[in-house]
Amino acid sequence: MTTDFDPSIVPRRRARPPKRKTRITIYLDDEVLNEFRSRAERTGTGYQTLINAALRLRLAGQELPAGA
């Protein structure tokens, strides 16, 4: 019993995009996390996406004052 294999019928797998994010573990105040989760629910955006956006805005702005 011989079976001919036709590779043209197999869907091509897309190449993975370059890695742009790194998984880490951080501790956030409960109030901060709850606020981001609440905003995420209201806007329909993931809370981690909102945290990332807030960090990017902070990095683009002024440095934190001493003692902050």
**OP:** Report the full-extension gain for the segment residue 27 to residue 14: residue separation times 0.36 nm, less the Cα-Cα distance, to one decimal in nm.
**Re:** 1.1 nm
**OP:** Output ³J(HN,Hα) for segment 14-27: one whole-Hz value per residue in order, computed from phi by the Karplus curve 6.51 cos²θ - 1.76 cosθ + 1.60 with θ = phi - 60°, and x for Gly and Pro.
**Re:** 6, 5, 6, x, x, 5, 10, 9, 10, 6, 9, 10, 9, 10
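Mean shadow of segment 4-64, computed from the convex hull of its alpha carbons, in nm²?
8.1 nm²
Any read-out appearing in this document is the output of simple, stated calculations on the displayed coordinates, not a laboratory observation. Since we're looking at a predicted model, the values are computed, not measured.
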